[in-house]
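The values are calculated or read from the model by the stated rules, or taken from the named source; none is laboratory data. Please read these numbers as outputs of a predicted model, since none were measured by experiment. Counting neighbours? That spans all protein chains shown, and the Cβs are built from the backbone with ideal geometry, glycine included. For accessibility, only protein heavy atoms count, side chains too; no ligands or nucleic acids. Shrake-Rupley method; radii C 1.70, N 1.55, O 1.52, S 1.80 Å.
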Amino acid sequence: MSAVFPPSIPCDLCGSTDEDELSLTDRGGNYLRTMICRRCGLVYSYPRPGPEEVRDYYQHSYRMDYKATFQPKPKHVYRAGKVALARFRRLAPFLKQGNRVLDFGAGSGEVVFVLRAMGYEASGFEPNGGYAQFASEVLGLPVTHNFYQEARIEPESQDFITAFHVLEHLESPYDALRHMSQWLRPGGQVMVDVPNVEAVCQWPRSRFHRAHLYNFSPAAIDMLGRKVGYNVVSSSVSADGGNITVVFQKGGTAPPVSGEIPGNYERVSSLVRCHTALRHLLSRYPYTRPFRKIAERLEELRAVRKTMSSREILDGLIAGELRDG
């Protein structure tokens, strides 16, 4: 007997219910039904947990699932600090001294910590209780424990908003970007970072997992910002193809768009279906990525072998950045 699924939900980008089934398993081999919109090429999981289940998962269980810890350990702080500095390098060309910066989904606070150390008035919010508590109490940062729908952000109070690997987890990325627009002053900007569904650097069966409700292509994330009313300032893909970074700007005279992206469904579905295990094994990625990961983990072990506080770990990374930069 064939499986019976609930009625389709409207696509968060274009509103269509014309969809195609792209995959039935997640990266662990467990059941996860992943769909692709035929009108715009947005990829999403469905059926999915209800709103209360999603909130409970991110508030209590997500970090335990992915880090096996309630609050970050020193190795996690060091790792996140390195990532935060790399993100700051990408942010710096768009920031002006004195800017107010909000980190949407601040995690354990490393991006906020770096921004404040570099002279910006940075704050954030984080839905996970343990990580939000770590950011506020251990690192002493203005990071609150909230979901974005309840975050107390004054309208037009922010110059810049960052959302690093956040939108793919949300029930409605469109609604999240709309909230950000309300918080931004006219001309303010948003930097969004999301995994690239078109990437071929990972093992084919590792593409989808249950915490990612959405999977974006470059065309889809650009169009999502335009649908909200932003102008696209910058859009790029990381060197390995694994991540997309987009900078949106509030305001301007961009015309309304429907969200439809002709040809994107065909492009994305073809790339995903043609990325086979054999093709991956014949590429460089299965052989270069493990060595890079090993080198990174050895560096972490050397860096945190001394008894240092989390603040000392981050201060040391920032000092090294300033010295080398």
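Give the cysteines in the chain for which no other Cys Cβ lies under 4.7 Å away, or write none if there are none.
Cysteines lacking a close Cβ partner in the chain: CYS201, CYS274.
What value in Å³ per residue do you get for the convex hull of the alpha-carbon atoms in the stretch 51-119?
102 Å³
Highest mean first, what order results for 102-112, 127-137 on Cβ atoms within 10 Å?
102-112, 127-137
Just the ratio, please: alpha-carbon radius of gyration of the stretch 93-239 over 2.2 N^0.38 Å, N its number of residues.
Working it through for the stretch 93-239, the quotient is 1.05.
Per the 1.4 Å probe, what fraction of the accessible area of the stretch 79-164, in percent, lies on carbon and sulfur atoms?
48 percent
Full extension from VAL237 to ASP56: what is 0.36 nm times the residue separation minus their Cα-Cα distance, to one decimal in nm?
Length gained, VAL237 through ASP56: 61.9 nm.
How much length, in nm to one decimal, is gained on full extension between LEU24 and LYS67, taken as 0.36 nm per residue of separation minus their Cα-Cα distance?
13.0 nm
So for the stretch 196-325, what are the equivalent ellipsoid semi-axes in whole Å, largest first, each being the square root of 5 times an eigenvalue of the Cα gyration tensor?
Over the Cα atoms of the stretch 196-325, the ellipsoid semi-axes are 34, 25, 12 Å.
Modelled label-to-label distance, SER206 and ARG267, 7 Å Cα→beta-carbon offset: nm?
2.5 nm
Using Cα pairs under 8 angstrom and six or more residues apart, how large is the relative contact order of the chain, in percent?
Result for the chain is 19 percent.
When log10 I(q)/I(0) by the Debye sum over Cα atoms at q = 0.06, 0.08, 0.10, 0.15 Å⁻¹ is calculated directly from the model, which label among (i) -0.26, -0.45, -0.69, -1.35; (ii) -0.21, -0.37, -0.60, -1.53; (iii) -0.21, -0.38, -0.60, -1.40 fits?
(iii)
Could you name the aspartates and glutamates whose alpha carbon sits less than 17 Å from that of LYS73, not counting residues in the same chain fewer than 8 places away?
The qualifying aspartates and glutamates are ASP65, GLU110, GLU137, GLU296, GLU299, GLU300, GLU312, ASP315.
How much mean residue ellipticity at 222 nm does the chain get from its helices, if each DSSP H run of length 4 or more adds -39500 (n - 2.57) and you divide by all residues, to the nearest 500 deg cm²/dmol?
Computed ellipticity for the chain at 222 nm equals -10500 deg cm²/dmol.
Could you give the length gained on full extension between GLU156 and ARG289, defined as 0.36 nm per residue of separation minus the Cα-Cα distance, in nm?
43.7 nm
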